[in-house]
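Chemist: Just passing along the structure, written as C-alpha cells.
The values are calculated or read from the model by the stated rules, or taken from the named source; none is laboratory data. Because the structure is predicted, anything quoted here is derived from the model rather than measured. When we count neighbours, we look across all protein chains shown, and the Cβ atoms used for this are built from the backbone with ideal geometry, even at glycine.
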Amino acid sequence: MASTLMLFLQLLLVSLVSASHHFGGTGVFFYKGRSRNGINVEFRTRETFRSCIYSHFWRCYSGNCGRNVINKRGVIDQSTNAPQFTSLWCTTETVQTWTIPIKNQLQIRSASCCWITTRNFVYNWRLLASLDLGNRSDTGQPNQSPNVAMLPFLRVPQNCPRTYKLMAVDPDHDQVRCRYGTIQNVECSRCDQPSGFILNQDTCTLHYNYTKADYRVFGFEMVVEDIPRNVITLSYTDGSQSVRAPNTSIVQPLSKLPLQFSFLVDPPAPSCKEGEYLPKLVYPTPENGMRITAEVNKQLEITVKALVKIAKLTDVIMNGPLNITKKKTTHDEFEISWTPTPQDLGSQISICFAAESSKSSSVYQSEMRCVVVDVNRERVKSSVICNESTMTVMILKSSIPGINENHLKLNDATNTACRLRSNSTYIFAVIPLSSCGTQIKETNDKLIFSNDVSVVDNIADVITRKQLLEVQFSCQYSKRGNVTMSYSAHRRNITVEELGFGTFTYQFEFYHDNQYRFMIDPSSYPLEYEIGTQIYMQIEATSSVKNTELFVESCKAAPYDNPNFPTSYSIIDNGCSSDSTVQIYVPNKQTQFQLSMEAFKFIGMFDQVYISCSVIMCEAKNPNTRCSKGCTSSSHSRSVNPHSKKRAAITQSSLHFVSQGPLRLKRSTRSSEVNLNLNLVLMAGCLLAAVGIISAVVMYKIKTSKIKYQMLSTSEN
C-alpha cells in the first residue's frame, strides 16, 4: 500500500513538472475617466509562460467589478536562455478595459496551475489585484495604482552579489511598498521568502547575497501596495466614506498589485567584475529609474549598449508595453523602439531590460534597468520625406511657438548647405545622407540614417545647457535583395580631370605588410584589426600626364567617412607625421605614397575608423610646387590655389580628397553584415531605389528642466 501511494505521488509530481509553464506576471491599473456606464479602468497584465499561447484569466473576486472587454493582446519578448529544463520563455501583455458601475473597492484574481519547476516548491499561481475607486480628498479623483515592472526571468552567478531596484512609481505620489505575499491561496501559493535574498520593503530593493546554485528557479510571489503620505478621505457612490492614513498599526493600502517572477542562481562565474563575463551597461544606455517623455504616434527609441570582454554579447531581454520591438545593430548595440497610441495618453509606462552574454554553456546577465515613459500629446508637428540620397524634414512653425527659428540647427551646421530654411508655414531642410552630421546604424535587414534639429543659444555653439527642443528624424531602407548582393563597403577609385593638368585616378588601398606586394581583398571590408597592430596603406595616382609626382598633404582619421567630422585625429598634417607610430616608406614610383601606423579606436561609442587624405599632383622635380617643399610648418604652404589653372604654366593640381575604410576592432565585429561607406551614398541610393523605401520614422524629445531623463524623486520610490 505504501509503495503504491509512493508511486502515485511520484507520477503526480512528474505530471506537475511536465505540465509546468508559469514564470510569473504583473498587473497594473490605469484610470481612464468616466463614461455613461461608470468608471473606465484599463488593466494591463504582463504574463510569462513557456509558450506565447498562454495568458492569465482574471475573474472578479470581490466588489462590483462591472464588465470587462479584452482590447488587445500581443507578444513583448521571448528568449531561449531559459533554465535547462525548459527551452523557451515568452512574455505577453493583455490590455483589458473594465467598466465599473459604482465607486467601490474591487478585487480581481487569476489562479491556476502550474509554475515551472521551482526550488522553493511554488506550484500553483495565485495573483490578486485590488483597487479602491473612492474619490480621494486630495486629488478629487479615484486612486491610481502604482506602476510596477520587472523582468520575468532573472539570473545571477552564485558568487556575484547583486542589487535589484524594483520599478514602482505612483502617479499620486503615494508611498510604495513591496512585500512578500502573505495570504495563502489568495495573494500567493506558498507565500515563501526565498533564502539568500534580503528585501527592503520601503524602498522596493531586492538584494541577492548568496545561495548555492541550482537548476531550478526561485518563484517570487510579491505584492506592491500604495499608502498615502498624509491622511485622506475616500468617498463612494453610496455616500459612505473611509479614511486612509499612514503610520497606523494596521495600514490599509489603496491598491494591491501582484509582482511575480522567476530567479535562477547559476554556478559561480570566473569573475564578478562587470564587463568581463557579466555585461556592463554603458552610455548611451539610460540609467535605472530615469523618466523619458514620449508623444502619441511618435516613435521612441532607447539605445542599450553593453560591453563584455571575455564572454560574447548575445541578446537584450526586455519587458514593456505592447508593440515594443528591439533590433541589434552592427555595432553590438540594441535599439528598443515603441510608438505610443492615443490610448496610452497620460499613462506612465514602464520598460525594463538587461543584456545577456554567453561563454561555452554559461549565460550571464547584466544588471536590470527600468525606465518610466510619460506619454504626452503630440507637441511638434512635422514630417520627413526619404528618397535615394536625401532626407527632407519639415517642421510646422505654428507647432513651436516662442522658438526663434534662427536658433535651430542640425547635428553639424558648419556647412552652409546644411542650414535650415523657412517659408511662411514651415522650417525645412534637405539633408544629404552623407553629410550634415547624419548618423548611420545598421541592423540585419535595414540601413537607418538619422539626424536631428535642436535649439541652441548660438548657431555656432557646439554645446548648450538650455536646450528646450530636439526633433529627431530618420529614414530606414531595406538591405535585402540587390542591395546586399551588389553593395560593397570598399571605396572605389576616384578619377579626376583638371583643365590643363590631364586626367588622373587615385587608388587608396590597405596592404598585408610593408612589402606592399599584395593588397587586401576589397570583398573583405570592413577590415578587422586589433588595437596596436600595424596597418599598411598606399595611395597611388595614375595620370595621363607624364613626369608627375604625388604628394600627401594631410591625413585624418574619423569615426565616419567625413574628414570634417567634429571628432577626428590627425595622422599627417602639412606633409608632416603627427602621430608617433607613423612610418613613411620610400615607394617604387613617385606617384605612390606608402605609410603605416598602429591601429586604434576612438574613445566612446565609436567602433569604426575611416582614413581620409588630401592629395596633390605636381610636375615632378619642379622646385616651385607644394610637392617639392615636403614637410613644412608654414601655414602658407598648405594653401593650394584652386584657380591655379589660370597661370601660364600648370605645375600642380588642386587638393583632392581620398578615403578608405572602415577599420573595426576584431572583438567589435561578430557578423558578416554589410557596412556602409558614407562617401558611397549616391551609389547606395541608386540600389536602394530599386528595392524601394521601406519607411520613414519621425521621433521627438521635448526637453525641459523637469522632464526627459530625470531621476525619480524620493516621493516616487
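Chemist: Among the residues of segment 186-212, which ones are exposed (fewer than 13 other Cβ atoms within 10 Å of the Cβ) and either more than 33 Å from the chain's Cα centre (by Cα) or among the aromatic types (Phe, Trp, Tyr) (or both)?
Modeler: 195, 210, 212
Chemist: Looking at the structure I just gave you, is residue 531 modelled with pLDDT of 90 or more and out of contact with any His (no Cβ under 7 Å at 6 or more places or on another chain)?
Modeler: No.
Chemist: Just give me the residues in segment 582-621 being surrounded by fewer than 15 Cβ atoms within 10 Å (Cβ to Cβ) and touching a helix residue (DSSP H, G or I) at 6+ places or on another chain (Cβ under 8 Å), in sequence order.
Modeler: 621 - this is the single residue of segment 582-621 that is surrounded by fewer than 15 Cβ atoms within 10 Å (Cβ to Cβ) and touching a helix residue (DSSP H, G or I) at 6+ places or on another chain (Cβ under 8 Å).
Chemist: Quick one: in segment 282-298, of everything that is part of a strand (DSSP E or B) and not aliphatic (A, V, I, L, M), which residue is nearest to residue 85 (Cα to Cα)?
Modeler: Among those residues, the one meeting the criterion is 291.
Chemist: Among the candidates 381, 397, 359, 409, single out the residue that is under 30 Å from residue 91 (Cβ atoms) and over 23 Å from the mean Cα position of the chain (by Cα).
Modeler: The match here is 359.
Chemist: Regarding segment 246-267, can at least one residue be identified that is farther than 20 Å from residue 118 by Cα, of a type outside the set (D, E, K, R), in contact (Cβ under 8 Å) with a residue 12 or more places away in the chain and out of contact with any strand residue (DSSP E or B) (no Cβ under 9 Å at 6 or more places or on another chain)?
Modeler: no
Chemist: Residue check: is residue 136 within 30 Å of residue 326 (Cβ to Cβ) and either under 34 Å from the mean Cα position of the chain (by Cα) or touching a residue at least 24 places away in the same chain (Cβ under 8 Å) (or both)?
Modeler: no
Residue by residue, here is whether (1) at pLDDT 90 or above; (2) among the small types (Gly, Ala, Ser); (3) under 30 Å from residue 315 (Cα atoms) holds:
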residue	(1), (2), (3)
7	no, no, no
19	no, yes, yes
40	yes, no, no
43	yes, no, yes
55	yes, yes, yes
80	no, no, yes
98	yes, no, no
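Chemist: Condition test on residue 26, is it assigned to a loop (DSSP other than H, G, I, E, B) and touching a Lys or Arg at 6+ places or on another chain (Cβ under 6 Å)?
Modeler: The answer is no for residue 26.
Chemist: Residue pairs, Cβ under 9 Å, 6 or more apart or interchain, first in segment 318-346 and over 19 Å from residue 26 (Cβ atoms), second in a loop (DSSP other than H, G, I, E, B) and aromatic (Phe, Trp, Tyr). List them.
Modeler: 331/606
Chemist: Give 343, 348 a once-over and let me know the one that is within 22 Å of residue 166 (Cα to Cα), at pLDDT below 95, among the polar types (S, T, N, Q) and surrounded by fewer than 22 Cβ atoms within 10 Å (Cβ to Cβ).
Modeler: 348
Chemist: Of the residues 328, 312, only one is charged (D, E, K, R) and closer than 30 Å to residue 381 by Cα; which?
Modeler: The conditions single out 328.
Chemist: If you go through segment 554-585 one residue at a time, how many are in a loop (DSSP other than H, G, I, E, B), within 14 Å of residue 614 (Cα to Cα) and either modelled with pLDDT of 80 or more or touching a Pro at 6+ places or on another chain (Cβ under 9 Å) (or both)?
Modeler: 3
Chemist: Answer yes if at least one residue in segment 517-524 is within 18 Å of residue 658 (Cα to Cα) and at pLDDT below 85, and no otherwise.
Modeler: Yes: one or more hits.
Chemist: A further question follows. Taking the condition surrounded by 18 or more Cβ atoms within 10 Å (Cβ to Cβ) and either modelled with pLDDT of 85 or more or part of a strand (DSSP E or B) (or both), does residue 380 pass?
Modeler: no
Chemist: Tell me which residues, restricted to segment 351-377, are among the acidic types (Asp, Glu) and buried (at least 20 other Cβ atoms within 10 Å of the Cβ).
Modeler: Once the filter is applied, which keeps residues that are among the acidic types (Asp, Glu) and buried (at least 20 other Cβ atoms within 10 Å of the Cβ), segment 351-377 yields only 356.
Chemist: Name the residue, out of 418, 370, that is at pLDDT 80 or above and not basic (Lys, Arg).
Modeler: Step by step, each of 418, 370 is checked, and only 370 is at pLDDT 80 or above and not basic (Lys, Arg).
Chemist: Report whether or not residue 500 is in the same structural domain as residue 585 (by TED's automatic domain parsing) and either modelled with pLDDT under 80 or touching a Cys at 6+ places or on another chain (Cβ under 6 Å) (or both).
Modeler: Judged against the criteria, residue 500 is a match.
Chemist: Select from segment 107-123 the residues that are in contact with a Ser or Thr (Cβ under 7 Å, 6 or more places away or on another chain) and part of a strand (DSSP E or B) and write down the one among them that is farthest from residue 265 (Cα to Cα).
Modeler: Result: 107.
Chemist: Something else: Between a first residue in segment 32-54 that is at positive phi and touching a residue at least 12 places away in the same chain (Cβ under 8 Å) and a second residue that is among the small types (Gly, Ala, Ser) and in a loop (DSSP other than H, G, I, E, B), which pairs have beta carbons less than 9 Å apart while being 6 or more apart in sequence or on different chains?
Modeler: Note: pairs meeting the criteria are 38/66.
Chemist: Please enumerate the residues belonging to segment 240-281 that are farther than 25 Å from residue 171 by Cα and not in a loop (DSSP other than H, G, I, E, B).
Modeler: Those that are farther than 25 Å from residue 171 by Cα and not in a loop (DSSP other than H, G, I, E, B): 262, 263, 264, 265, 266, 274, 278, 280, 281.
Chemist: Counting only residues that are of a type in the set (Lys, Arg) and assigned to a strand (DSSP E or B), which one in segment 43-65 is surrounded by the most Cβ atoms within 10 Å (Cβ to Cβ)?
Modeler: 46
Chemist: Within segment 506-541, can you find the residues that are over 21 Å from residue 493 (Cα atoms), assigned to a loop (DSSP other than H, G, I, E, B) and in contact with a Ser or Thr (Cβ under 8 Å, 6 or more places away or on another chain)?
Modeler: Within segment 506-541, just 514 meets the criteria.
Chemist: How many of the residues in segment 124-162 are β-branched (Val, Ile, Thr) and not in a strand (DSSP E or B)?
Modeler: 1
Chemist: May I pose another question? Which condition from (1) loosely packed, with under 15 Cβ neighbours inside 10 Å; (2) farther than 30 Å from residue 175 by Cα; (3) acidic (Asp, Glu) is the one that residue 287 breaks?
Modeler: Residue 287 satisfies all of (1) loosely packed, with under 15 Cβ neighbours inside 10 Å; (2) farther than 30 Å from residue 175 by Cα; (3) acidic (Asp, Glu) except (2).
Chemist: I'm checking my understanding of the structure. Among residues of segment 528-545 that are farther than 12 Å from residue 601 by Cα and hydrophobic (A, V, I, L, M, F, W, C), which one is nearest to the chain's Cα centre (by Cα)?
Modeler: This residue is 535.
Chemist: Go through the residues of segment 235-243 one by one and say whether even a single one is surrounded by 15 or more Cβ atoms within 10 Å (Cβ to Cβ), more than 19 Å from residue 25 (Cβ to Cβ) and without any contact (Cβ under 8 Å) to a residue 60 or more places away in the chain.
Modeler: no
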